[in-house]
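Asker: Below is one structure. I have some questions about it.
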Amino acid sequence: QVQLVESGGGLVQAGGSLRLSCAASGRTFSSYVMGWFRQAPGKEREFVAQMSWSDGSTVYANSVKSRFTISRDNAKNTVYLQMNSLEPEDTAVYYCAATPPGSSYYGSMGYWGKGTLVTVSS
(Lines give C-alpha, C1' and ligand atoms only; values in the text may rest on other atoms or scores of the structure.)
Protein backbone atom coordinates (compact mmCIF):
# COMPACT_ATOMS: atom_id res chain seq x y z
CA GLN A 1 0.00 0.00 0.00
CA VAL A 2 1.44 3.33 -1.07
CA GLN A 3 1.68 5.87 1.72
CA LEU A 4 2.91 9.42 2.06
CA VAL A 5 3.00 10.44 5.70
CA GLU A 6 3.73 14.03 6.67
CA SER A 7 5.06 15.14 10.03
CA GLY A 8 6.70 18.14 11.65
CA GLY A 9 3.86 20.63 11.68
CA GLY A 10 3.04 22.71 14.70
CA LEU A 11 2.74 26.19 16.14
CA VAL A 12 5.56 28.66 15.59
CA GLN A 13 5.98 32.40 15.97
CA ALA A 14 6.46 34.64 12.97
CA GLY A 15 10.09 34.63 11.91
CA GLY A 16 10.60 31.10 13.17
CA SER A 17 11.38 27.88 11.37
CA LEU A 18 9.92 24.41 10.94
CA ARG A 19 10.98 21.34 9.00
CA LEU A 20 8.32 19.13 7.52
CA SER A 21 8.99 15.53 6.61
CA CYS A 22 7.23 13.26 4.13
CA ALA A 23 7.96 9.56 4.53
CA ALA A 24 7.16 7.60 1.39
CA SER A 25 6.50 3.87 1.33
CA GLY A 26 4.80 1.14 -0.63
CA ARG A 27 6.54 1.65 -3.98
CA THR A 28 9.67 3.03 -5.54
CA PHE A 29 9.54 6.79 -5.97
CA SER A 30 12.98 7.19 -7.52
CA SER A 31 11.47 8.27 -10.85
CA TYR A 32 8.73 10.44 -9.37
CA VAL A 33 8.37 14.15 -8.74
CA MET A 34 7.72 14.92 -5.08
CA GLY A 35 5.77 18.02 -4.19
CA TRP A 36 4.55 20.07 -1.26
CA PHE A 37 1.22 21.86 -1.39
CA ARG A 38 -0.69 23.84 1.21
CA GLN A 39 -4.26 24.83 1.89
CA ALA A 40 -5.11 27.75 4.12
CA PRO A 41 -8.54 28.06 5.74
CA GLY A 42 -11.10 29.17 3.18
CA LYS A 43 -8.63 29.02 0.31
CA GLU A 44 -7.80 26.62 -2.47
CA ARG A 45 -4.90 24.24 -2.26
CA GLU A 46 -1.77 25.78 -3.76
CA PHE A 47 1.60 24.58 -4.95
CA VAL A 48 4.58 25.27 -2.70
CA ALA A 49 7.59 23.37 -4.02
CA GLN A 50 8.63 20.22 -5.82
CA MET A 51 11.70 18.12 -6.43
CA SER A 52 12.54 15.51 -9.01
CA TRP A 53 13.65 12.49 -7.05
CA SER A 54 15.91 11.34 -9.88
CA ASP A 55 17.97 14.47 -10.56
CA GLY A 56 17.15 16.72 -7.63
CA SER A 57 15.88 19.61 -9.73
CA THR A 58 13.55 21.92 -7.82
CA VAL A 59 10.75 24.39 -8.45
CA TYR A 60 9.32 26.83 -5.91
CA ALA A 61 6.29 29.07 -5.71
CA ASN A 62 7.29 32.74 -5.77
CA SER A 63 5.74 33.25 -2.35
CA VAL A 64 8.19 30.88 -0.66
CA LYS A 65 11.29 31.21 -2.82
CA SER A 66 14.36 32.05 -0.72
CA ARG A 67 12.53 31.07 2.48
CA PHE A 68 11.67 27.39 1.91
CA THR A 69 13.95 24.58 0.78
CA ILE A 70 12.88 21.16 -0.44
CA SER A 71 15.30 18.26 -0.10
CA ARG A 72 15.38 14.49 0.00
CA ASP A 73 17.07 11.63 1.79
CA ASN A 74 17.26 8.68 -0.56
CA ALA A 75 18.23 6.23 2.16
CA LYS A 76 15.18 7.15 4.24
CA ASN A 77 12.82 7.56 1.30
CA THR A 78 11.88 10.89 2.81
CA VAL A 79 11.35 14.37 1.41
CA TYR A 80 11.72 17.46 3.57
CA LEU A 81 10.50 21.03 3.46
CA GLN A 82 12.64 23.40 5.49
CA MET A 83 10.63 26.54 6.19
CA ASN A 84 12.42 29.64 7.44
CA SER A 85 11.27 33.19 8.14
CA LEU A 86 7.74 31.96 8.55
CA GLU A 87 4.90 34.45 8.23
CA PRO A 88 1.29 34.28 9.47
CA GLU A 89 0.30 33.94 5.81
CA ASP A 90 2.11 30.58 5.74
CA THR A 91 -0.50 29.13 8.11
CA ALA A 92 -2.06 26.15 6.34
CA VAL A 93 -2.33 22.40 6.17
CA TYR A 94 0.72 21.21 4.25
CA TYR A 95 0.41 18.18 2.00
CA CYS A 96 3.02 15.95 0.44
CA ALA A 97 2.29 14.58 -3.03
CA ALA A 98 3.96 12.46 -5.68
CA THR A 99 3.43 12.02 -9.39
CA PRO A 100 5.31 10.67 -12.40
CA PRO A 101 7.10 13.37 -14.43
CA GLY A 102 4.74 15.11 -16.84
CA SER A 103 1.61 13.95 -15.00
CA SER A 104 -0.70 15.95 -12.79
CA TYR A 105 -0.58 15.43 -9.05
CA TYR A 106 -4.36 15.28 -9.25
CA GLY A 107 -4.37 12.54 -11.86
CA SER A 108 -4.87 8.83 -11.46
CA MET A 109 -1.18 8.21 -10.86
CA GLY A 110 -0.76 10.86 -8.18
CA TYR A 111 -0.44 10.14 -4.50
CA TRP A 112 -1.24 12.41 -1.56
CA GLY A 113 -0.60 12.42 2.14
CA LYS A 114 -3.17 13.46 4.71
CA GLY A 115 -1.43 16.69 5.64
CA THR A 116 0.16 18.35 8.64
CA LEU A 117 -0.98 21.64 10.14
CA VAL A 118 1.38 24.59 10.36
CA THR A 119 0.24 27.59 12.38
CA VAL A 120 2.29 30.76 12.42
CA SER A 121 1.38 33.28 15.11
CA SER A 122 2.03 37.00 14.75
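The values are calculated or read from the model by the stated rules, or taken from the named source; none is laboratory data. On a predicted model such as this, the values are computed, not experimentally measured, just so you know. All Cβ positions, even for glycine, are placed from backbone atoms using ideal geometry, and neighbour counts span all protein chains on display. Ligands, DNA and RNA are stripped out before the accessible areas are found, and what is left, the full protein with its side chains, is counted by its heavy atoms. Shrake-Rupley method; radii C 1.70, N 1.55, O 1.52, S 1.80 Å.
Asker: Please specify each residue of region 90-116 satisfying the condition of being without any contact (Cβ under 8 Å) to a residue 60 or more places away in the chain, over 19 Å from Asn62 (Cα atoms) and among the aliphatic types (A, V, I, L, M).
Answerer: Within region 90-116, just Met109 meets the criteria.
Asker: State which residue pairs qualify: first residue on the phi > 0 side of the Ramachandran plot and inside region 19-38, second residue open to solvent by 10 Å² or more (accessible area, probe 1.4 Å) in any location, beta carbons under 7 Å apart, and separation of 6 or more residues or different chains.
Answerer: Gly26/Gln1; Gly26/Val2; Gly26/Gln3
Asker: I'd like the full set of residues that are open to solvent by 50 Å² or more (accessible area, probe 1.4 Å), farther than 18 Å from Arg72 by Cα and assigned to a strand (DSSP E or B), limited to region 1-14.
Answerer: Correct list: Leu11, Gln13.
Asker: Same structure, new question: Of Glu44, Glu87, which residue is in contact with a strand residue (DSSP E or B) (Cβ under 7 Å, 6 or more places away or on another chain) and open to solvent by 70 Å² or more (accessible area, probe 1.4 Å)?
Answerer: Matching residue, one of Glu44, Glu87: Glu87.
Asker: Every residue in region 15-36 that is open to solvent by 50 Å² or more (accessible area, probe 1.4 Å) and among the aromatic types (Phe, Trp, Tyr), please.
Answerer: Listed by number, the list is empty, since nothing qualifies.
Asker: I'd like to check something: does region 62-69 contain any residue that is of a type in the set (Ser, Thr, Tyr), open to solvent by less than 80 Å² (accessible area, probe 1.4 Å) and touching a helix residue (DSSP H, G or I) at 6+ places or on another chain (Cβ under 9 Å)?
Answerer: Taking every residue of region 62-69 in turn, at least one turns out to be of a type in the set (Ser, Thr, Tyr), open to solvent by less than 80 Å² (accessible area, probe 1.4 Å) and touching a helix residue (DSSP H, G or I) at 6+ places or on another chain (Cβ under 9 Å).
Asker: Pull out all pairs, ordered by first then second residue, where Cβ-Cβ is under 9 Å, the residues are six or more apart or on different chains, the first lies in region 1-16 and is of a type in the set (D, E, K, R), and the second is exposed (fewer than 14 other Cβ atoms within 10 Å of the Cβ).
Answerer: These pairs meet every condition: Glu6/Lys114.
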